[in-house]
Amino acid sequence: MRDFAKEIEQRKQAGLYRTRRLIAGPQQPTLTADGRSLLSFCSNDYLGLASHGENMRALEQALPEVGLGGAASHLVCGHHEAHHRLEQRLAAFTRRSSALFFSTGYMANMGVISALAGRGDTIFSDRLNHASIIDGCILSRARVRRYAHGDVAALETMLSETSGHKLVVTDGVFSMDGDIAPLTELARVCKAHDALLVVDDAHGVGVLGPQGRGSVLEAGLCQEDVPVLIGTLGKGVGTSGAFVAGSDVLIDYLVQKARTYIYTTAMPPALAAATCASLDAVESGDERRAHLDALIQRFRAGAQDLGYELMSSRTPIQPIMIGDNWTALALSRALEDEGLLVTAIRPPTVPEGEARLRVTLSAAHTEADVDRLLRALAKSRSVLSEAVAREPAL
Ligand SMILES: Cc1ncc(COP(=O)(O)O)c(C=O)c1O
């Protein structure tokens, strides 16, 4: 039998042990972690909508009308009018014919990829794609070829060597680096090589594009260019769940085949109602997005002045590259000593030797919040050059 305790110990020794913080109260911008109030720079609530008054009022209003539980799967008797309204709203929001509401982004990726490719097919996946895409590829039983991050030329070579049904899948905004996939180029090579393009815009929805409609619309691409668009609702949109949007035929096919849609209880319909309210806030959220952009620029300028290494990202995901696991943990702890929460991200979430602090900014932050983070980073800068204690504590 495998010695699980030993494997945990090995993780601790390598600085890779993971712990959960006990959070109380709302998330943004200040939360309580293990009883301590901390200014948080690590949630994905990019627009500050997770505690938005209108969403919560919509939820309160819907609850007595529709009840709390999802009660059944969609294909049995769980497909509520509120889900249907949300799907219509999501289709309009993404400028697509139809949409399908999933319980989570993880389930959307697993369900969509494994429905659209199978044994004998080939999936081409960016090396830095999210874990749920990787798992969707495995579940599909298709042959998987990973191309170097953002390398469209390498992808095109692989596509030209392959026959049969081909599916290309990419994050729209990469979750740990914050950069944006070369969507226009990807759409071009997919068309040229008869490959089906799937974009998971989990971190672009709400933040990028006209009225927050995401990275695909920001790039000026339509349903024909990116036939399969996945988005999540628990990040920029501030509620929970996910969706896939595309042609009527695509959505009909997924209703038949996507196992993570079919074999699970429907999300609470009241949540779907709240998400519709949230989408209103996203669409009318230009001020929030402008404020967020200003915070991103303020943070980048300040952190670079301090000599920190950032990635080439213009999104709210602003990783500070560290490299060593222990140093990343030590910097995170030093910031926590200053009353800030910025989680260290280590392998296998990111590649070996690329541990980082994943700073995320939100429209809920103020300029003063960002300045406080920069002051704490200035004070903690020496951690990078000190010999760091190798004790797993965070
Ligand atoms: C790119 C990407 N896709 C999908 C997901 C999963 O979404 P969810 O949290 O709704 O399961 C994430 C979550 O972090 C993500 O970063």
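The values are calculated or read from the model by the stated rules, or taken from the named source; none is laboratory data. Being a predicted model, the structure only gives us computed values, none of them experimental. Using ideal geometry, Cβ is built from the backbone for each residue, glycine included, and neighbour counts are taken over all protein chains shown. Only protein heavy atoms, including side chains, enter the accessible area calculation; ligands, DNA and RNA are left aside. Shrake-Rupley method; radii C 1.70, N 1.55, O 1.52, S 1.80 Å.
Over the chain, what lengths in whole Å, largest first, do the semi-axes of the equivalent ellipsoid take, defined as the square roots of 5 times the eigenvalues of the alpha-carbon gyration tensor?
33, 26, 21
Nearest 5 percent is fine: what portion of the DSSP beta bridges confined to the chain is antiparallel? Don't jump to the answer; show the numbers that get you there.
Details: 26 of 46 bridges.
Around 55 percent of the beta bridges assigned by DSSP in the chain are antiparallel ones.
What ranking, highest mean first, results for peptides 370-379, 313-322 when packing means the other Cβ atoms within 10 Å averaged over each residue?
Values: 370-379: 18.1, 313-322: 21.9.
The packing order, highest mean first, is 313-322, 370-379.
By average Cβ neighbour count within 10 Å, what is the ranking of 198-210, 332-344 from highest down? Please list the in-between numbers first.
Numbers: 198-210: 27.8, 332-344: 19.7.
The most tightly packed comes first, giving 198-210, 332-344.
Which of 358, 141, 11 moves most in a GNM of the chain, Cα contacts under 10 Å?
Between 358, 141, 11, it is 11 that shows the largest mean-square fluctuation.
Between the helical axis of 131-140 and the dominant principal axis of the chain, each derived from Cα atoms, what acute angle in degrees is found, rounded to the nearest 10?
Taking Cα atoms only, the helix is inclined about 40 degrees.
Take the eigenvalues of the Cα gyration tensor for the stretch 178-298, scale each by 5, and report the square roots as semi-axes in whole Å, largest first.
Each semi-axis is √(5λ); the values are 25, 22, 11 Å.
Rg (Å, one decimal) plus Dmax (Å, integer) for the alpha carbons of the stretch 15-90?
Taking only Cα atoms of the stretch 15-90, I get Rg and Dmax of 17.3, 49 Å.
With a 1.4 Å probe and all protein chains left in place, how much accessible area per residue does the chain have, in Å²?
43 Å²
List the pair-distance distribution P(r) of the stretch 53-283, using every Cα-Cα distance, as the percent of pairs falling in each 5 Å bin from 0 up to the bin containing the longest distance, rounded to whole percents.
All Cα pairs, binned at 5 Å, distribute as 1, 7, 15, 20, 20, 16, 10, 6, 3, 1, 0, 0 percent.
Comparing 294, 50, 368, which has the greatest mean-square fluctuation in the GNM of the chain with Cα pairs linked when under 10 Å apart?
In the Gaussian network model the winner is 368.
Using only Cα atoms and rounding to the nearest 10 degrees, what angle (0 to 90) does helix 81-93 make with the longest principal axis of the chain?
Once rounded, the angle reads 80 degrees.
Farthest toward the dipole's positive end in the stretch 1-82, which of 42, 15, 32, given Cβ charges of +1 (Lys, Arg) and -1 (Asp, Glu) about the Cα centre?
Ranked along the dipole, the leading option is 15.
Can you pull out the GluC sites (Glu not before Pro) in the stretch 166-260 whose DSSP state is coil and whose Cβ has at most 15 other Cβ atoms within 10 Å? If you can, show how the numbers build up before the last one.
Details: sites: 185, 218, 224; in loops: 224.
Taking the stretch 166-260 and a limit of 15 other Cβ atoms within 10 Å, the loop GluC sites (Glu not before Pro) found are 224.
What number comes out for the charge environment of residue 189, summing +1 per Lys or Arg and -1 per Asp or Glu over other residues with Cβ under 12 Å away? Write out the running numbers ahead of the final one.
Working: positive: 166, 188, 191; negative: 151, 156, 185, 194, 225.
Within the 12 Å Cβ shell, the charges total -2.
Hey, how many Å between the Cα centroid of the stretch 206-259 and the Cα centroid of the stretch 303-325?
Centre-to-centre (Cα) distance: 28 Å.
Rank by packing, highest mean first: peptides 272-279, 252-259, 301-308, 90-97, with packing defined as the count of other Cβ atoms within 10 Å averaged across residues.
Values: 272-279: 25.9, 252-259: 15.8, 301-308: 14.2, 90-97: 20.5.
By packing density, highest mean first, the sequence is 272-279, 90-97, 252-259, 301-308.
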